[in-house]
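Data first, discussion second: the structure below is written as structure tokens.
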Amino acid sequence: MHNIAIAIHGGAGTITRVSLTPDQEKAYRVALQEAVEEGHRLLLEGKSALDAVELAVTLLEDSPLFNAGRGAVFTKEGKHEMDAAIMCGRNREAGAVAGVQGVRNPVALARAVLQHSDHVLLSGHGAEEFARNHSIPFAPERYFFNSFRFKQWTDLRDSDEFMLDHTEHLDEKFGTVGAVAVDREGNTAAATSTGGMTNKRYNRIGDSPLIGVGTYANNDTCAISCTGHGEFFMRAVVAYDVSCLIEYKGYSLQEACDEVVLQKLVAFGGEGGLIAVNAAGEVAMPFNSEGMYRASKKNSEPTYIGIYKET
């Protein structure tokens, strides 16, 4: 019987102890704990890593605290365009969607693409039509409305600027969500979901739905979900780069993650982090920003929850 493990993230950025009130910090910790422990419960029951990461990400999408699903940010047009991906490390099958509107849980749609189509990535109206054909739930616009999100957008909508959720001047921090897991069969999986950037234009798509960039899973190496400034993660092909360091250079999971996040991305000017797990049940959660919402649980060990840098 293999080790079981799951790790999740809720975004990385300038998250410091002075940037969150005690009540805000408590709310984030509760949301992270629920998501990671529910995913871990499935693993304990013998369910697949794919099931575990989908459930964990679904719970994070359902929380208005994070920039995914219900908490997705506003676009230039005042809409919500969401991206998501999911990947199985056993056979490297993957499903992803980009720029979808109204879909209650984009990760569920990505799972449907994986299971019920011959494609990997669907976008826009086509992805939404696919969702309706496969009974994926939609939600009305009011479901996605959040007063703080709305203020973020109104501060920028008359300009050509866009904003990452983890910029320093924000009073609250939000971000992309993701999960990675390994099940009792030693199979890995990864899932990522995001609402992108506030005031984004031209149907901008980030790294989250791109296989090998923001999301990747391979039993022979690791499963990864990334969070941060997507343009830099795309240019650095982050997730696959970590996998390649393990496969071709024999790096350990932690060594590979640290090399990419703490060295290569920093040299590139990229801010963010990632979570990773391998078939042996090892977990890595490096980030080069001030903080990253994160949690993990392995076998019967206590749940770990982190927000800030640890000294």
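Among the criteria (1) within 15 Å of A280 (Cα to Cα); (2) surrounded by 24 or more Cβ atoms within 10 Å (Cβ to Cβ), the one E185 does not fulfil is (2). Mind listing whichever residues of region 241-264 are in a helix (DSSP H, G or I), closer than 16 Å to V182 by Cβ and over 21 Å from the mean Cα position of the chain (by Cα)? Correct list: I246 only. No other residue among H9, H40, H2 is surrounded by fewer than 16 Cβ atoms within 10 Å (Cβ to Cβ), in contact with a strand residue (DSSP E or B) (Cβ under 8 Å, 6 or more places away or on another chain) and under 17 Å from A223 (Cβ atoms) apart from H2. For region 70-124, a residue qualifies if it is part of a loop (DSSP other than H, G, I, E, B), of a type in the set (S, T, N, Q) and free of Cβ contacts under 8 Å to residues at least 24 places away in the same chain, and the qualifying residues are N91, S117. Does T215 qualify as being closer than 21 Å to A49 by Cα, among the β-branched types (V, I, T) and in contact with a Pro (Cβ under 9 Å, 6 or more places away or on another chain)? Taking the combined requirement at face value, the residue satisfies it. Of the strands (runs of 3 or more DSSP E) entirely within region 265-311, those holding at least 1 residues that are buried (at least 19 other Cβ atoms within 10 Å of the Cβ) and in contact with a Cys (Cβ under 9 Å, 6 or more places away or on another chain) occupy 272-277.
A Cβ distance below 7 Å, combined with a sequence gap of six or more or placement on separate chains, defines the contacts here; from region 230-258, residues that are on the phi > 0 side of the Ramachandran plot and in contact (Cβ under 8 Å) with a residue 24 or more places away in the chain reach residues that are among the aliphatic types (A, V, I, L, M) and buried (at least 20 other Cβ atoms within 10 Å of the Cβ) in the pairs V237/V213. Residues that are part of a helix (DSSP H, G or I), of a type in the set (K, R) and surrounded by fewer than 17 Cβ atoms within 10 Å (Cβ to Cβ) do occur in region 15-26. The residues listed here are A72, A98, A112; of these, the one that is touching a His at 6+ places or on another chain (Cβ under 7 Å) and crowded, with 24+ Cβ neighbours inside 10 Å is A72. Tell me, which residue of region 125-138 that is part of a helix (DSSP H, G or I) and not aromatic (F, W, Y) is nearest to L210 (Cα to Cα)? Selected residue: A127.
All of (1) over 21 Å from T221 (Cα atoms); (2) crowded, with 24+ Cβ neighbours inside 10 Å; (3) under 18 Å from the mean Cα position of the chain (by Cα); (4) of a type in the set (V, I, T) hold for V53 with one exception: (1). Set side by side, the residues F144, F174 differ, and just one is buried (at least 24 other Cβ atoms within 10 Å of the Cβ), in contact with a helix residue (DSSP H, G or I) (Cβ under 8 Å, 6 or more places away or on another chain) and modelled with pLDDT under 95, which is F174. For region 188-202, taking the residues that are touching a Phe, Trp or Tyr at 6+ places or on another chain (Cβ under 9 Å) and aliphatic (A, V, I, L, M), the one that is surrounded by the most Cβ atoms within 10 Å (Cβ to Cβ) is identified as A190. Quick check on region 52-65. Is at least one of its residues closer than 15 Å to N187 by Cα, acidic (D, E) and in contact with a strand residue (DSSP E or B) (Cβ under 8 Å, 6 or more places away or on another chain)? Checked region 52-65: at least one residue is closer than 15 Å to N187 by Cα, acidic (D, E) and in contact with a strand residue (DSSP E or B) (Cβ under 8 Å, 6 or more places away or on another chain).
The values are calculated or read from the model by the stated rules, or taken from the named source; none is laboratory data. Keep in mind it's a predicted model, so treat the numbers as computed, not measured. Cβ sites come from the backbone with ideal geometry, for glycine too, and all protein chains shown count toward neighbours.
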